[in-house]
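Scroll down for the structure; my scribbles are underneath it.
The values are calculated or read from the model by the stated rules, or taken from the named source; none is laboratory data. Since we're looking at a predicted model, the values are computed, not measured. Cβ coordinates were reconstructed from backbone atoms using ideal geometry, including for glycine residues, and neighbour counts include every protein chain displayed. Surface accessibility is based on the protein's heavy atoms, side chains included, excluding ligands, DNA and RNA. Shrake-Rupley method; radii C 1.70, N 1.55, O 1.52, S 1.80 Å.
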Amino acid sequence: MKIVKRILKLLLILLLVLVISVVLILFIDNRKTDFLDIEKGSEFANNSYLITHVNIIPMTQDTVLRNKMVLIKKGVIHAISDTIDEKNVTVVDGENRYLSPGLMDMHVHVWDKYELGLYLANGVTTIRNLWGMPMHLRMKKEINNEEILAPTFLTAGPKLTGPNYLGDDNIQLQDPEEARGKVTAYKNRGYDFIKTYNGLTRELYDAILEQSKIDMMEIAAHPSAEVPYSYHFRPEIVSIEHTEDIVQQPLNFKLDTTKLDRVVETYGNTPNSSHSPTLTVYHDIYRMLVDDKVLTSDEVQFMNPLMQKTDSKGQFERWQNAKQKNNAIVAKIKKQHDFHLKIIGKLHRNNAKIVSSTDAGIGITVPGYAIHKEFAFYKEAGLSNYEILKTATVNASKVHKAMHNLGTVESGKQANLVLTLNNPLEDLATLKKPEMVFVKGRKLDREVLTTFESKAKNRTNLLATTIRYLEYLVVEK
């Protein structure tokens, strides 16, 4: 009996040590991102400014409004005019630079707060997280309470799949009743929308659609191969993810332009449906095939360390092994990527609503930086600079009701803005290093944005990220 008591006592001590260690690791990690904190009386507390001598790209039309003033009050664009007489407000001289709406990346995977700073440093002032976990609800609360500097943040709930779609990261639904329960539960817990994933059967999907309509929860759909691709064109589904899935599902892995035309026509005839391409993450497969040193590149050092050690490394090894077995895979992946560009061009010409998205945060697709690569692919597909900017501003703002106050530089809109040295309608590259970013009216100059980048590079929060992921597995699974 004494031995049992000693064992129980020892186990209790070990458990206590474990709990204390976990709390300490998370506390230290949280302290390391205090550079994002908004403290009363700090420079980031101010969210009212008068911007003078600035050229505005309103994104309401393809034009530039020259030499204007913009008044921001409490994070909202209050007035735009040739002259504004406003007392007791901090003046920012635009110095004849260009003010445009902040960019939106509509498909990302967020792993830590450092990535919030990376997005801002690249002019991305709104992100849509497509794989929700408990840590994202806490993050969302901090952002909405204006405790930390961050892009406007929307998050899906955990990924919903069918009973036979394996993976420790998926919620495998067994029956319609469970499917309906998950939709309501995610709504009540504070997730912004539902993420449906591959493997959902028609019966399960129908239950999700019905309950989402009742609970007024919008859906972002990673297409399920268990139902026809055309099934995803529903009022409840506001975006269909991944251009590659057009090839994999309705085209059955064949680069068939005849079948493609039918898909493109459906998009054009379904105004509610947005297409979220994520071309960058697919092209990064090609990069892993042709660059043996890509994992040690400077760019990948901005990835979350858990992702570097698991997903980045795992994907790299998978594709390198595939190349060793059959070198033809390199040309095959490149050919499909090129076909993706053709798809985007056809969708655009057929008036489909394309919303900029990258799948950043997984593989070697780096948060923030990826959107500029995505833009380059849209350019190759035949979109003009204005049309490309629309995918990340006006088009994106129409996807979710919660985003309708974003996307243009107009009175009454939230002041998520980017100030650049040059005109992005002429040179999209100027967006890579914004001179200044305003997020909910708070001004971040280039020095601050550079700090965000330096803090994120080679960060050492492997254990903290692992703990948060384990929390997801325990709570959600």
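Within region 68-89, the set of residues being crowded, with 17+ Cβ neighbours inside 10 Å, closer than 22 Å to Glu146 by Cβ and among the hydrophobic types (A, V, I, L, M, F, W, C) comprises Val70, Leu71, Ile72, Val76, Ile77. Pairing each residue of region 38-57 that is over 17 Å from Val89 (Cβ atoms) and hydrophobic (A, V, I, L, M, F, W, C) with any residue that is open to solvent by 50 Å² or more (accessible area, probe 1.4 Å) and part of a loop (DSSP other than H, G, I, E, B), provided the two are 6+ apart or on different chains, yields C-beta distances under 7 Å for Ile38/Glu146; Ile38/Glu147.
Conditions tested, residue by residue: (1) farther than 28 Å from Thr126 by Cα; (2) more than 13 Å from the chain's Cα centre (by Cα); (3) touching a residue at least 60 places away in the same chain (Cβ under 8 Å); (4) not in a helix (DSSP H, G or I).
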site	(1), (2), (3), (4)
Gly314	yes, yes, no, no
Arg318	yes, yes, no, no
Leu347	no, yes, yes, no
Glu374	no, no, yes, no
Ala396	no, no, yes, no
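The sole residue among Leu137, Leu65 that is among the aliphatic types (A, V, I, L, M), open to solvent by 10 Å² or more (accessible area, probe 1.4 Å) and more than 27 Å from His222 (Cα to Cα) is Leu65.
Residues that are open to solvent by 40 Å² or more (accessible area, probe 1.4 Å) and among the small types (Gly, Ala, Ser) were ranked within region 310-332; the one that is farthest from His283 (Cα to Cα) is Ala328. Picking from residues in region 443-477 that are without any contact (Cβ under 8 Å) to a residue 24 or more places away in the chain and among the aliphatic types (A, V, I, L, M), the one that is surrounded by the most Cβ atoms within 10 Å (Cβ to Cβ) is Val448. Annotation note: of Gly382, Gly363, the sole residue that is over 22 Å from the mean Cα position of the chain (by Cα) and outside any helix (DSSP H, G or I) is Gly382. Only a single item in (1) touching an Asp or Glu at 6+ places or on another chain (Cβ under 7 Å); (2) not in a helix (DSSP H, G or I) is not met by Leu209, and it is number (2). Considering only region 427-442, I want to know if a residue exists there that is among the aromatic types (Phe, Trp, Tyr) and either within 22 Å of Gly75 (Cβ to Cβ) or crowded, with 18+ Cβ neighbours inside 10 Å (or both). Scanning region 427-442 turns up at least one residue that is among the aromatic types (Phe, Trp, Tyr) and either within 22 Å of Gly75 (Cβ to Cβ) or crowded, with 18+ Cβ neighbours inside 10 Å (or both). With the condition kept exactly as written, say whether any residue in region 386-400 is small (Gly, Ala, Ser) and open to solvent by 50 Å² or more (accessible area, probe 1.4 Å). Checked against the condition, which is being small (Gly, Ala, Ser) and open to solvent by 50 Å² or more (accessible area, probe 1.4 Å), region 386-400 yields no hits at all. Here Leu421 clears all of (1) buried (at least 21 other Cβ atoms within 10 Å of the Cβ); (2) out of contact with any Phe, Trp or Tyr (no Cβ under 7 Å at 6 or more places or on another chain); (3) of a type in the set (A, V, I, L, M) except the condition numbered (1). Criterion applied to Leu99, Leu103, Leu130 was being on the phi < 0 side of the Ramachandran plot, more than 18 Å from the chain's Cα centre (by Cα) and surrounded by 21 or more Cβ atoms within 10 Å (Cβ to Cβ), and the one residue passing it is Leu99.
For the structure I just gave you, tell me whether Asn122 is open to solvent by less than 40 Å² (accessible area, probe 1.4 Å), of a type outside the set (A, V, I, L, M, F, W, C) and under 27 Å from the mean Cα position of the chain (by Cα). Yes: the conditions hold for Asn122.
The set of residues in region 271-296 being of a type in the set (Ser, Thr, Tyr), out of contact with any Lys or Arg (no Cβ under 6 Å at 6 or more places or on another chain) and open to solvent by 30 Å² or more (accessible area, probe 1.4 Å) consists of Thr296 alone.
Scanning region 150-171 for residues that are over 16 Å from the mean Cα position of the chain (by Cα) and buried (at least 18 other Cβ atoms within 10 Å of the Cβ) yields Leu160, Thr161, Gly162, Tyr165, Asn170, Ile171. Put simply, of Val439, Val474, Val448, Val399 the only residue that is out of contact with any Pro (no Cβ under 6 Å at 6 or more places or on another chain) and farther than 30 Å from Phe193 by Cβ is Val448.
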